[in-house]
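Comments concern the structure below.
The values are calculated or read from the model by the stated rules, or taken from the named source; none is laboratory data. The shown structure was predicted, so the numbers you read here are calculated from the model rather than taken from an experiment. All Cβ positions, even for glycine, are placed from backbone atoms using ideal geometry, and neighbour counts span all protein chains on display.
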Amino acid sequence: MAKLHVSTTVNGEPLEFLCEPFETMLDALRNQLALTGSKEGCASGDCGACSITLDDRLVCSCLMLAAEAEGREIRTIEGMARGGRLHPLQEKFLEQAALQCGICTSGMLVASEALLRKNPDPSEEEVRFWLAGNLCRCTGYDKIVRAVLETATEMREAAQ
Amino acid sequence: MNIVVNNKWIGQRTIRPDGVDKVTGRAAFAADTTMPGMIWGKVLRSPHPHARIRSIDTSKAEALPGVKAVVTSRDVVDFPLDKSVMLGIQDMRWMCRNVMARDKALFPGHPVAAVAATTEAIAAKACELIEVDYEVLPFSIEIEDAIKPDAPILHEFNKFEGKPSNIVGTLEHKKGDIDEGFKQADIIIERSFTTRPVHQGYIEPHACLISVTADGKATIWSSSQGQFMVRAMTSMLTGIPQSDIRAIPAEIGGGFGGKTIVYLEPLATLLAKKSGRPVKMVMTREEVMRATGPTSGSKSTVKIGAKKDGTIVAAQGTFYLQAGAFPGSPIRGAAGCSFAPYDIANVLSVGYDVCSNRSKVAAYRAPGAPIGAYAVECVLDEVAESLNMEPLEFRLKNAARQGTKAAHGPVFPRIGYIETLEAAKTSPHYSTPTGKLQGRGVASGFWFNAGGESSAQVNITEDGNVVVTTGHPDIGGSRAGIANVCAELLGIDYRRVSVIIGDTQTVGFSNLTGGSRVLFASSMVVTQATEKVINTLRERAAKIWEIDPEAVKWENGAAHPASPNAGQFEPLTLEQLAEKAPMQGGPIGAGVQLNTQGADGGFGTHICDVEVDIELGIARVIRYTAVQDVGRAVHPGYVEGQLQGGVAQGIGWALNEEYIYRSDGKVDNPGFLDYRMPVCSDLPMLDTILVEVPNPKHPQGVKGVGEVPLVPVMAAVANAIYRAVGKRFYALPMSPPKVLAGLDEPVQQAAE
C-alpha cells in the first residue's frame, strides 16, 4: 500500500511527512520526525508517556493515526520551552525534584500544561484526576502534584 | 587534610545536572537512538508454559525478503548445567537459557528465536514463519502446585531431599534455641500469608540498539541498571571479549531491580553480528509483562511468641518464594530482613526457592524483604494487640540497636531504628484522630544495603570547571547528589560541576545501580578523587608561592596560606590554577577505584491511614508518613522521592497489583489497564520524615535509602485496614473483590 502524504503543523512549524496508513502519530513523531521526547510506555493509551496536544486537546499519540494529523496542529514536549526559555512548569519540576527517571516527564508536562490552560486554578483533586492517565512509577506523584499546584499559583500571580 | 568544608551544598535541593534534558524531551533513553542502516529485531516467544523443543525450522523466515538474520539457542554460548558460573548473583547457566530457551521452553513468553529485518512488520511476519516443534508438557505455576510430590519438574537434574524437585534452594538463619524460646512465651501467634507476583512496573520497556563491526567490535546503547553488567553478560553469552564491547548507558526509564539482568542485548548483538547491520530491539509492554522479571509470589508462615511484659522471646518464619523458570528467588531478603529490626533471643528463619512455569524473577526493590516484612509486621500487630500494647511502644521495647546480633549474622553498629520509631510516635500524623471506617496501621522494615565496586574520574577543565565521570546509571537523581558532594569539597558553585555517566570503555568498573548503593559508593569514590585533585591544587599553589604544600589550605574554591606563618599571598582560585596548569605540571585530575565497604543496613517505620468503602470493598490510603534513617540526605528532594516512590509501589502491591494467570498458564493481564498500578488519583500526598543518623563509615554519612521504603508498606496498609473494619486480611492484594468477600464472611457465618 502506498504511503500517505500528511501536511500538518508541529510545534508551530508547518511540515510534511509520509506515513503508513496504520502508523500511529507516536511512531511518526519518533521515527519520521525525530521528535523522541514523546515516549512509548504501553502503546495502548494507558500510561500517558506519549501525551501530545491535537488542536489544544490532550491526546495519547499512540492512539492516534499519523494520517489524522492532516491540517491539524500538534504540540509536543519539544515545543514547550520557547526560544530557549523553559516553561514555568518545566522550571518547577526541576526545582521540586518532580522527576526521577524522567521517562514519564514529557507526558506529565504536556498534560499539566493542557490542564493549566483549561483551568488556571485547579484544586489538588482536579490535578490528581486530570493526571490520572499519566503513570509515574518513581515519584508517588507527590512532588508532581505540588509542582503543578505551585506553578498554577505563580502563573496566576504573574498574570495579575 | 587542609580542606575546609562549609556544608554549603550538601543537604541543598540543587537542580539536577540532567534535569533540563529531561523536562525538554531531549534526554536519550534506550529506544530514542537510531543509526544509519539500522534494522529491527523481534523475538519469537513460546506460547506454552512448559514444552520440550524438538526442533526449530527457520528456513522460511530466512527466505522472507527483508529478513537479514535469524538466531536461536544454537547461536548463544551454552553454559552446561553441571557447572555453576556466577556473575554477581546471577548464574550464567540460567541466564543463557533465560535469554533463549535451549531444550525446553519454561514459561509463556520464553524466547525461542529472534529475527532481524528491515522493518518491524517484516520481523514480526518472519517470526510467524518459524516452525517450532514442541512437545507440550504439564506445568505448574503456583507454589503449592509446584511443590506437590507429583508436580511436573522444570529442571530434572535438581534434587531436594534426594528426589527430583522444584525446590531449588533453601536458606536458614538461626539464633538461640527456637523451641526453648517458645516455651518462655506467654502468648504465641502463628499466621500464614500469601502474596502474588508483582512487576517492577518501570514505564520504559527494555530496549537496545547494537552495532557490530566486521572486525567484531560491538557498541551497545541500552537501558539498564549497569552498563558493566550488560557488557559482561553480553560478552559471556556471545563470546565477544569485554575489551571489544562498548556498552553505553542510555538514560534509564525506571528499573527498580528489573533491569539488573539482560534480555535483549545478547540477541541483538548476535543479530547485528550475523547481519552486519545495526539492530534495534524494543519490547512491547506485553512482552515486558510476560517475559521479564516480576518479583516472587509467596507463601509464608510466621510464628511469634512474647511474654506478658511485651518481650518477644521467639520468632519463626518459613518463606516459600516463587522463582519462576530458573532458580534465584530472593529468599535471602525474605528470611534475612524480616526479623532484623528486633532484638529477639531465639529466631529461626527459613526460605525455600521454588521454580515454576512463569517468567524468571528479577530483583525488585529490597528483593524479598517486603514479602517477609508483610508477614512478620502483621503478626507483630496481632501480638501487640493481644498484649494490649500500643504497636509503636511494642516495637520500641523490642527494637534492635547498636550491639544487637541479627539472626542473619551481623552485630549492628550504630543504627537509627529507634529514632524512626520515636519520630513516628511524635509525628503530627500519629496523634491525629481517625474517623469512621478509617484506621491507622504502622509497620517497620529493614534492608541490607550494599557497597561494592565503584570508579570515578574527576577532571579540572582548562577553564577551571569540573567534570565528574562515574559508572552507574542514574535512575533517581544520583547525579545531583554527586554534584553536591564534589562542589562542597571544592568550595565552588554546584553548577560548575558537570556529572557524566561514563560508558564501559571510558570509566573504570562500576557495579550495578542496585542494593541502594549508588550514592553511598559513588560519593565515596568521588570524595577520594576530589581530595586528590585538591591535593594537586594545593601542591601547585605551594610551588607558585614557594612554600610547603602542607602550609596551603583549600577553602571556597581557592588555595590560601594555611596560617599567617605560611606567608602573605593572594588566594589562587581554581580558575587561576587551571590556567597555570600547563606550566606547573600539566592537567589536573584524579581517578579512584574502590571496592567500597561500610554500607550498613537501613531502617524505616511507616504510618498509614486508610478509609474503607464497605459497600464497594475499596480500601483507600488517605494519609501516609514514611519515616526513615537516611544517614545524611545529600539532596533531600531526591531522598524524599525515594521514600515516596517506594511507598506508592507498596500501596499498589498491597491493594491492587497482581499477576493473574489463565488456566492455560498465560498471564491474563499483561498491560497497564488490567495490571493496576497506582495512578495519581489513587494516592494522597506522601509525607516523609528524614531521620539523619550519619553513617560513621562514610565521608558524608550516607546510607542507602532507595529500597527500605518499600519494605514496611504492605503490612502498614493491612494493619490499617484491620483497624478500620476489624477484619484481618492474610492475602495480597487486598483488592476490592477480596475486601468485599472478607467483609461478608462474618455475615455468612452468622447466617449458617
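Worth pointing out:
- When each of A:Cys60, A:Cys50 is tested for being without any contact (Cβ under 8 Å) to a residue 60 or more places away in the chain and either buried (at least 20 other Cβ atoms within 10 Å of the Cβ) or over 14 Å from the mean Cα position of the chain (by Cα) (or both), the lone residue that passes is A:Cys50.
- Which numbered condition A:Gly71 misses (of (1) surrounded by 16 or more Cβ atoms within 10 Å (Cβ to Cβ); (2) more than 14 Å from every other protein chain (Cβ to nearest Cβ); (3) part of a loop (DSSP other than H, G, I, E, B)): (1)
- In segment B:680-707, of all residues being of a type in the set (A, V, I, L, M, F, W, C) and under 21 Å from the mean Cα position of the chain (by Cα), the one that is farthest from A:Ala49 (Cα to Cα) corresponds to B:Val702.
- Checked against (1) under 23 Å from B:Ile660 (Cα atoms); (2) in a loop (DSSP other than H, G, I, E, B), B:Asn388 meets all criteria but (1).
- Residues of segment A:97-126 classified as facing another protein chain (nearest Cβ under 7 Å) and either within 12 Å of the chain's Cα centre (by Cα) or not small (Gly, Ala, Ser) (or both), total: 8
- The single condition from (1) away from every other protein chain (no Cβ under 11 Å); (2) among the polar types (S, T, N, Q); (3) closer than 25 Å to B:Gly637 by Cα that A:Thr53 fails is (3).
- Listed conditions (1) within 11 Å of chain B (Cβ to nearest Cβ); (2) in contact with a strand residue (DSSP E or B) (Cβ under 8 Å, 6 or more places away or on another chain) are all met by A:Leu86, apart from (2).
- Filter result (farther than 18 Å from B:Gln200 by Cα and touching a Pro at 6+ places or on another chain (Cβ under 8 Å)) within segment B:255-273: B:Leu267, B:Ala272
- Test: residue in segment B:543-553 that is among the charged types (D, E, K, R), touching a Leu at 6+ places or on another chain (Cβ under 7 Å) and either surrounded by fewer than 24 Cβ atoms within 10 Å (Cβ to Cβ) or not in a loop (DSSP other than H, G, I, E, B) (or both): no
- Residue, surrounded by the most Cβ atoms within 10 Å (Cβ to Cβ), within segment B:286-314, restricted to residues that are basic (Lys, Arg) and closer than 30 Å to B:Ile141 by Cβ: B:Lys299
- Of the strands (runs of 3 or more DSSP E) contained entirely in segment B:274-358, those carrying at least 1 residues that are in contact (Cβ under 8 Å) with a residue 12 or more places away in the chain and within 14 Å of chain A (Cβ to nearest Cβ) fall at B:279-282.
- Residue check, A:Ala66 more than 23 Å from B:Thr284 (Cβ to Cβ), more than 7 Å from chain B (Cβ to nearest Cβ), in contact with a helix residue (DSSP H, G or I) (Cβ under 6 Å, 6 or more places away or on another chain) and crowded, with 24+ Cβ neighbours inside 10 Å: no
- Applying a threshold of 6 Å to beta carbon distances and a minimum spacing of six or more residues, or different chains, the list of pairs starting in segment A:1-15 at a residue that is part of a loop (DSSP other than H, G, I, E, B) and ending at one that is among the hydrophobic types (A, V, I, L, M, F, W, C) reads A:Lys3/A:Leu18.
- Matching residues, segment B:474-494, being within 30 Å of B:Gly645 (Cβ to Cβ) and more than 29 Å from the chain's Cα centre (by Cα): B:Leu489, B:Asp493
Conditions (1) away from chain A (no Cβ under 14 Å); (2) acidic (Asp, Glu), marked per residue:
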residue	(1), (2)
B:Pro152	yes, no
B:Ser165	yes, no
B:Gly181	yes, no
B:Glu190	yes, yes
B:Thr195	yes, no
B:Pro205	no, no
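- Flag for A:Leu109 being surrounded by fewer than 24 Cβ atoms within 10 Å (Cβ to Cβ), of a type in the set (A, V, I, L, M, F, W, C) and in a helix (DSSP H, G or I): no
- Strands (runs of 3 or more DSSP E) contained in segment B:93-210 and holding at least 1 residues touching a Gly at 6+ places or on another chain (Cβ under 7 Å) and closer than 29 Å to B:Gly351 by Cβ: B:167-175, B:187-195
- Qualifying residue in segment B:474-493 (condition: over 26 Å from B:Thr260 (Cα atoms) and small (Gly, Ala, Ser)): yes
- Looking only at segment B:21-30, and only at residues there that are outside any loop (DSSP other than H, G, I, E, B) and more than 7 Å from chain A (Cβ to nearest Cβ), the one that is nearest to the chain's Cα centre (by Cα): B:Ala30
- Residues satisfying the stated conditions in segment B:643-681, i.e. facing another protein chain (nearest Cβ under 8 Å) and surrounded by fewer than 19 Cβ atoms within 10 Å (Cβ to Cβ): B:Gly671, B:Leu673, B:Ser681
- Here B:Gly317, B:Gly255 are screened, and the one residue that is within 20 Å of the chain's Cα centre (by Cα) and surrounded by 22 or more Cβ atoms within 10 Å (Cβ to Cβ) is B:Gly255.
- Residues that are of a type outside the set (A, V, I, L, M, F, W, C), more than 11 Å from every other protein chain (Cβ to nearest Cβ) and touching a Ser or Thr at 6+ places or on another chain (Cβ under 8 Å) within segment A:11-50 comprise A:Pro14, A:Glu16, A:Thr24, listed in sequence order.
- Among the residues of segment B:592-608, those that are in contact with a Gly (Cβ under 7 Å, 6 or more places away or on another chain) and either assigned to a strand (DSSP E or B) or more than 30 Å from B:Met714 (Cα to Cα) (or both) comprise B:Gln593, B:Asn595, B:Thr596, B:Gln597, B:Gly602, B:Phe603, B:Gly604, B:Cys608.
- Residue within segment B:595-606 that is out of contact with any Lys or Arg (no Cβ under 8 Å at 6 or more places or on another chain), modelled with pLDDT of 95 or more, surrounded by fewer than 17 Cβ atoms within 10 Å (Cβ to Cβ) and closer than 30 Å to B:His408 by Cα present: yes
- Some residue of segment B:620-629 being among the aromatic types (Phe, Trp, Tyr), closer than 19 Å to A:Arg128 by Cβ and within 11 Å of another protein chain (Cβ to nearest Cβ): yes
- Residue check, A:Ala152 at pLDDT below 95 and away from chain B (no Cβ under 14 Å): no
- Which listed residue, of B:Ala633, B:Ala654, B:Ala648, is assigned to a loop (DSSP other than H, G, I, E, B) and either farther than 30 Å from B:Ala51 by Cβ or not basic (Lys, Arg) (or both): B:Ala633
- Long-range neighbours under 8 Å by Cβ, at least six apart or interchain, first residue facing chain B (nearest Cβ under 7 Å) and within 18 Å of B:Arg623 (Cα to Cα) within segment A:127-144, second in a helix (DSSP H, G or I) and among the hydroxyl-bearing types (Ser, Thr, Tyr): A:Arg128/B:Ser681; A:Phe129/B:Ser681
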